[in-house]
Amino acid sequence: MAANQTLQRRQSQLTRGHLPSYAVWVVLGASVILGAAIASLIGFTVVGWAIISAIVFVVAATIVTAVAEGERKAKDRLVTFLVYGAFLVALLPLISVIWTVLERGVPGLSYNFLFTSMNGLTGAVDNQAVENGTPVLGGAYHAVLGTLQITLWATLISVPIGLLTAVYLVEYGSGKNLTKAITFFVDVMTGIPSIVAGLFAAALFALLFGPGTRTGFVAAVALSVLMIPVVVRSTEEMLKIVPNELREASYALGVRKWRTITKVVIPTAISGIASGVTLSIARVIGETAPILVTAGFASSINTNVFSGWMSTLPTFIYYQILTPTSPTSPDPSTQRAWAAALLLILMVMLLNLGARFVASFFAPKTSR
Amino acid sequence: MSTTSLKASTDRGRAGDKIFSGVSLTAGVLILAVLFSVAVFLLVQAAPTFSADPTEVTGGNGFSAYILPIVVGTVVAATIALLIATPVGIAVALFISHYAPRRLARAFGYVIDLLAAIPSVIYGAWGYIVLAPQMAKAYAWLAENLGWLPIFAGPASQTGKTMLTAGVVLAVMVIPIITSLSREIFLQTPTLHEEAALAMGATRWEMVRMAVLPFARPGIISAAMLGLGRALGETMAVALVLSPGALGASLIKTGNQTIAAEIALNFPEAFGLRLNELIAAGLVLFVITLIVNMIARFIITRHKEFSGAN
């Protein structure tokens, strides 16, 4: 009996000065009601209601905690709310962007959009489509082709250079000053603004082939300036985690270093390398600024990267929004822009998912 | 017979070794050469601007009078972005590393990484069509109630295509960078420090403030610097969201311009000296971002050497 009493007393001492767990929900409910009241006083909107309720809740819950549990607990709770709130705030633009692209992009994504170019499509055609309510003509076929070609060439340039540099950094140059310099400048290169990479390619080809040289290949060079550092970094990380025992076992069998690298080290790391390359493609496929200054803009199909201006999906979106085909009725252009945006997001997401898939599917079989 | 074949293969192997190491060394040196030539080619193409007659440069007062307002505009846009993105980015990183339920934290991390995967032109289009009209309402209110502050001086832009909108769009693009870098550092905090703080009776916030944040401070600074580098060089969001104009103090009026957007908007139609001028502007941007990035990387490398993280 006496033992039971002490037990009870100890319990009440432990929970003394603690709010019950439902207290937060009570405060939340009260804040939502109070928020609705204040919001309807100053003109009711759902956004205003949510913001006012959130502020009232954070302030009220902090004060209630401060009174019942003390200042330290109140501060802890306040920070917890702010941290959760920051995450929700960061989610808002993501949801808004994805919702906008889906809502406005899906109606425009038709067979016609995917497989026709903008060749011969003038403002008059758009005006007619709006007047008669007929489907919007014209599409992004040329831009899709341009995106694929330019990205392919950029990949062809960047992957060998990036891969070999990473091999040098990990296998040959460890501890050398040159390695430190390359690592540092590769990191610095990651931060080059994309438009500067475009200007570099434009300036380079202007010096070689005369000013105003704009082709798909110039754009590919610009993109590879952005892509190489990403490939180097990811490949380097992957080569570093290849166990040294594998290399030593290979050397012990009398295998040359270069055979060891090509037959043992790279195959072991290939899944990580492939996923890094896929991610780097996802990064450059959405680049707009370097394409603007290097490949110009085209409305018809161009399958030759070495001559003539070329369009890509990002520049297509940019020009359709900024300079609608028909200035008097921009709706068809906006619709095409959002359809292209949806297509571009789908490409980027597929590449990102593909990278994760490659990384997990082709991962080397470890003992576990 | 067998000896000769062995010998032959050995010779071939030695040659292969030399070729392979030579090729990979060349690739590494090539990268340094590329970065060097970026600077050189930009300098060569920009040179005519500096020697040109001041009256021929856009604006008619020489290159420095032309570049200075847009440098200030670039810095202002990036500063707005950073002021919003740094606290939010760090809080989101804390959420993922220390606050979110363990099982969901990875998924939340992927969601934030999605923000980084969306191409900048789509953010620009979103800012142009969705965000700017929404912000216009807020600007009207700001101009009315806080108009005495120079940065909110009216009359507010009707379209909402102003510096502040551009800064907000930039902030959205910078948040995932700051978050992913600081998250990595937060996760490296020595568990013993955290447990020691908790065992002394610290609340979760006190643990974060005493164990996590001091450990992560250099990492947070460099994350913010890298975010700054991104915000300074970001083109499409600003080109689409901002209606450019002369430099002005008010952030909610039409006006101001950044280097990157100036280049993107004018380069396609430029020729002659104008072309050199824009390349010179690009060179200025390159130098600014290079300095910012080098400082950030320097802080990271120094931090790596002293921390027990690796």
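Rule-based calculations on the coordinates, nothing more; no lab input. The structure displayed is predicted, hence computed values, not measured ones. Every residue, glycine among them, receives a Cβ derived from its backbone with ideal geometry; neighbour counts consider all protein chains shown.
Observations on the structure shown:
- Cross-link reach is defined here as a Cα-Cα straight distance under 17 Å, omitting same-chain residues fewer than 8 places apart; for A:Lys180 the aspartates and glutamates meeting it are A:Glu171, A:Glu236, A:Glu237, B:Glu305.
- Gaussian network model of chain A, springs between alpha carbon atoms under 10 Å - residue of A:Leu346, A:Leu145, A:Leu223 with greatest fluctuation: A:Leu346
- Taking every residue in B:203-213 and counting other chain Cβ atoms within 10 Å of its Cβ, the average works out to 3.
- Efficiency of FRET between A:Ser360 and A:Phe306 - r from beta-carbon atoms, R0 30 angstrom, step 0.05: 0.20
- Gain upon complete extension [A:Glu245, A:Asn127; 0.36 nm per residue less C-alpha separation]: 35.5 nm
- Cα long-axis angle, helix A:141-167 against chain A (0 to 90 degrees, to the nearest 10): 80 degrees
- Among B:Ile279, A:Ile270, A:Ile281, B:Ile84, a tally of other beta-carbon atoms within 10 Å of each Cβ gives an order, fewest to most, of A:Ile270, B:Ile84, A:Ile281, B:Ile279.
- Label-to-label distance for A:Asn177 and B:Ile19 is 3.2 nm, based on points extended 7 Å past Cα in the beta-carbon direction.
- Axial C-alpha extent at least 15 Å, average Kyte-Doolittle at least 1.6 - helices from chain B (DSSP): B:63-94, B:163-188
- For the options A:Thr100, A:Thr312, A:Thr328, a Gaussian network treatment of chain A with springs between C-alpha atoms closer than 10 Å singles out A:Thr328 as fluctuating the most.
- Calculated on C-alpha atoms, the gyration radius of chain B divided by its Kirkwood radius gives an Rg/Rh of 1.11.
- Global geometry of the protein assembly as shown, whether rounded, prolate or oblate, following the gyration tensor of its Cα atoms and the 1.5 cut on a/c: oblate
- Annotation: aspartates and glutamates with alpha-carbon distance below 12 angstrom to A:Lys73 (same-chain offsets under eight excluded): B:Glu206.
- Computed magnitude of the charge dipole of the stretch B:52-306 (debye, nearest 20; Cβ of K, R +1, Cβ of D, E -1): 720 debye
- Nearest-0.05 FRET efficiency for A:Leu148 and A:Tyr84, computed from C-beta distance (R0 56 Å): 0.85
- Angle between chain A longest axis and helix A:216-240 axis [Cα atoms, degrees, rounded to 10]: 50 degrees
- In this simple spin-label model, placing a label point 7 Å from the Cα along the Cα-to-Cβ direction at both B:Glu184 and B:Ile291 gives a separation of 2.6 nm.
- Around the Cα centre of chain A, unit charges on the Cβ atoms of Lys, Arg, Asp and Glu (plus for the first two, minus for the last two) sum to a dipole of about 1440 debye.
- A Gaussian network model of chain A, with springs between Cα atoms under 10 Å, assigns the largest mean-square fluctuation among A:Val255, A:Val56, A:Val242 to A:Val56.
- Cα Rg, Dmax, the stretch A:122-243, angstrom units: 20.7, 71
- Spin-label zone in the stretch A:300-339 - amide nitrogen under 17 Å from a point set 7 Å from the Cα of A:Phe115 along the C-beta vector: A:301
- Chain A - percent relative contact order, Cα under 8 Å, separation 6 or more: 20 percent
- The calculated FRET efficiency for the pair A:Leu102 and B:Phe50, based on their C-beta separation and a Förster distance of 45 Å, comes to about 0.40.
- Angle between chain A longest axis and helix A:123-132 axis [Cα atoms, degrees, rounded to 10]: 50 degrees
- Euclidean distance of C-alpha centroids, the stretch B:188-203 and the stretch B:204-261, integer Å: 32 Å
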